[in-house]
Amino acid sequence: MGAIAGGVSAAASAAAGRPVLVHSFEQWRHAARDLLAHKVPPHAVQWISHKDDGDLFSQGAQAPAASAVQADSKSTMRIPRQLMDMLQSAACCRVPNRWAFLYLVLWRWQQGEKDVLSAADEDGARLHAMVKAVHREEHDMHAYIRFRERREDAGPPRFVAWFEPAHDVLPQVARHFTSRMGKVSWMIAMPEASVLWDGATLHSTGPLMRGPEDIDDAGEALWLTYYRSIFNPARLNADLMHGHIPTRFWKNLPEGAVVPEMVSQAAAGARRVGQTHSVGQRGGTVIPISADKAQPQRDAPSTLDQCRRCELWQHATQAVGGAGPLEARIMLVGEQPGDQEDLAGLPFVGPAGQLLDRAMAKAELDRRTIYLTNAVKHFKWEPRGKRRMHKTPAQREVDACAYWLSSELEQVRPEVVVALGSTALKAVTGNPNATLKEVLGKPFMHEGRWVVVVYHPSYILRVPGEDMKAQAFGVLVDGLRQARALAGPVALA
């Protein structure tokens with residue numbers, strides 16, 4: 001059994017119509033104890049986690065008058081340890097109104113509704129689901145945290161890890177690693193908090209790192225060499241790999257930087273050998289004929305995933321086609337998918353896509369009514385440290401993908417095409433000599449449809465200086481407004 005102890009301020013706040021502010025489970029326990037003692041029902045309490053979270057009616061919320069709120073000083077509420085443990089776990093689950101929901105569960109228990117603990121009950125099912133999500137996140141954090149060793153002369157902490165959990169599980173996971181790591185100093189950093197272990201005491205603090213790129217691990221290259229050497233493409237099962245390790249964890253794993261390349265090599269034929277490239281290489285007489293001409297004649301690829309029109313597919317995770325309604329009046333054409341698009345299989349979901357969303361909102365365009373695609377369907381990149389950096393497609397690669405862009409234009413039949421950048425302009429017009437400067441902000445007709453040319457969002461992210469960024473962003477917004485006007489009222493948000 002566990003007792004709920006607390007102070008006296010929560011009931012007074014509820015009685016005055018003010019929100020109850022809590023930041024942690026302990027604060028919620030104190031507030032809940034006070035509210036239950038004064039018999040304040042759940043509907044009379046507004047719970048918030050930040051001072052600015054209250055609604056417009058926070059000061060006028062209907063709640064019992066102060067004179068009607070009476071504490072039962074003769075009773076001390078005690079609840080089963082099982083319920084206390086479930087409430088404490090569920091409090092770590094990042095869901096809307098979690099504090100209000102936990103108080104509802106506690107209130108129902110006090111009113112004698114013991115079935116609130118049952119998974120067959122609606123509230124009980126939600127409580128069990130929250131607890132399960134938190135326990136799953138704890139397990140994932142145990143499994144997918146990667147400590148990276150710092151140089152000995154850099155001082156403590158000796159090992160550093162970066163993680164981005166979906167729920168507030170850092171304190172309990174940190175306690176797990178204190179027993180696993182012994183007296184070696186380490187730190188786990190997250191976007192909003194950090195914990196440090198000095199070998200004897202656990203310290204909690206605010207954010208100390210921006211991301212995994214802040215970690216310098218001299219031994220990581222050795223680990224990646226080892227990882228490549230034990231990878232057997234003949235036994236690759238990509239679906240099983242993604243099933244065992246959720247996609248959101250890949251970006252923080254050291255080996256996540258090389259897995260897409262190895263998967264693409266397996267698809268390109270390495271799985272037939274199941275050995276390193278050097279084993280498959282053999283000397284012999286050179287045959288004076290290209291491999292392409294030696295192949296039998298085949299039909300054009302029927303799906304984008306089968307496309308082998310250029311070599312970009314060999315190093316991409318997957319082909320990224322267009323997305324949006326087939327009846328869209330406006331089509332946005334970018335250059336090529338980026339790193340995040342390559343992993344997700346969808347266009348414009350990374351930083352450039354987020355900037356594009358802001359521009360469309362300012363131009364009063366609804367993304368759900370727009371068809372988005374790229375001139376080149378595979379991610380062209382080059383390694384730079386731990387990251388895959390964008391590399392501009394060559395004209396032959398743009399020409400190879402013209403087959404797919406033409407198919408999309410024929411299928412969607414947009415009234416307006418917005419070319420995002422120079423590569424998109426060349427692809428849409430079929431003119432490799434077309435330049436951005438000549439047509440920027442000047443709509444023109446091409447093959448029966450309007451073409452509007454603007455800067456690509458990634459260019460706006462890269463351009464130096466706030467003034468230049470604002471000018472380039474204004475060109476993008478103005479171009480989207482022109483496209484909206486040319487397409488008619490259907491494209492309005």
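The values are calculated or read from the model by the stated rules, or taken from the named source; none is laboratory data. This one's a predicted model, so the numbers in the text were calculated from it and none came from an experiment. All Cβ positions, even for glycine, are placed from backbone atoms using ideal geometry, and neighbour counts span all protein chains on display. With ligands, DNA and RNA removed, areas are computed over all heavy atoms of the protein, side chains included. Shrake-Rupley method; radii C 1.70, N 1.55, O 1.52, S 1.80 Å.
For residues in region 168-186 being open to solvent by 20 Å² or more (accessible area, probe 1.4 Å) and aliphatic (A, V, I, L, M), which is nearest to residue 198 (Cα to Cα)?
Among those that are open to solvent by 20 Å² or more (accessible area, probe 1.4 Å) and aliphatic (A, V, I, L, M), it is 184.
Looking at (1) outside any helix (DSSP H, G or I); (2) open to solvent by 10 Å² or more (accessible area, probe 1.4 Å); (3) within 29 Å of residue 470 (Cβ to Cβ), which is the one condition that is false for residue 341?
The failed condition is (1).
So is residue 477 modelled with pLDDT of 95 or more, assigned to a helix (DSSP H, G or I) and out of contact with any His (no Cβ under 7 Å at 6 or more places or on another chain) or not?
The answer is yes for residue 477.
Which is of a type in the set (Gly, Ala, Ser), more than 29 Å from residue 50 (Cβ to Cβ) and either part of a loop (DSSP other than H, G, I, E, B) or modelled with pLDDT under 90 (or both), of 179, 204?
179
Of the residues 146, 126, which is of a type in the set (Lys, Arg), part of a loop (DSSP other than H, G, I, E, B) and touching a residue at least 24 places away in the same chain (Cβ under 8 Å)?
146
Can you tell me which residue among 321, 284 is at pLDDT below 80, open to solvent by less than 90 Å² (accessible area, probe 1.4 Å) and in a loop (DSSP other than H, G, I, E, B)?
284
In region 142-160, how many residues are surrounded by 14 or more Cβ atoms within 10 Å (Cβ to Cβ) and either at pLDDT 85 or above or among the aromatic types (Phe, Trp, Tyr) (or both)?
Residues in region 142-160 being surrounded by 14 or more Cβ atoms within 10 Å (Cβ to Cβ) and either at pLDDT 85 or above or among the aromatic types (Phe, Trp, Tyr) (or both): 7 in total.
Going through region 92-123 one residue at a time, which ones are surrounded by fewer than 20 Cβ atoms within 10 Å (Cβ to Cβ) and part of a loop (DSSP other than H, G, I, E, B)?
94, 95, 96, 97, 111, 112, 113, 118, 119, 120, 121
With the checklist (1) in contact (Cβ under 8 Å) with a residue 40 or more places away in the chain; (2) charged (D, E, K, R); (3) open to solvent by less than 70 Å² (accessible area, probe 1.4 Å) in hand, flag the one item residue 368 doesn't pass.
(3)
Being touching a residue at least 12 places away in the same chain (Cβ under 8 Å) and within 20 Å of the chain's Cα centre (by Cα), is that true of even one residue in region 397-408?
Scanning region 397-408 turns up no residue that is touching a residue at least 12 places away in the same chain (Cβ under 8 Å) and within 20 Å of the chain's Cα centre (by Cα).
Looking at this structure, is residue 472 small (Gly, Ala, Ser), within 27 Å of residue 308 (Cβ to Cβ), open to solvent by less than 30 Å² (accessible area, probe 1.4 Å) and not in a loop (DSSP other than H, G, I, E, B)?
When the stated conditions are applied, residue 472 does not pass them.
Out of region 384-434, which residues are part of a strand (DSSP E or B) and open to solvent by 30 Å² or more (accessible area, probe 1.4 Å)?
Selection gives 384, 387, 389, 390.
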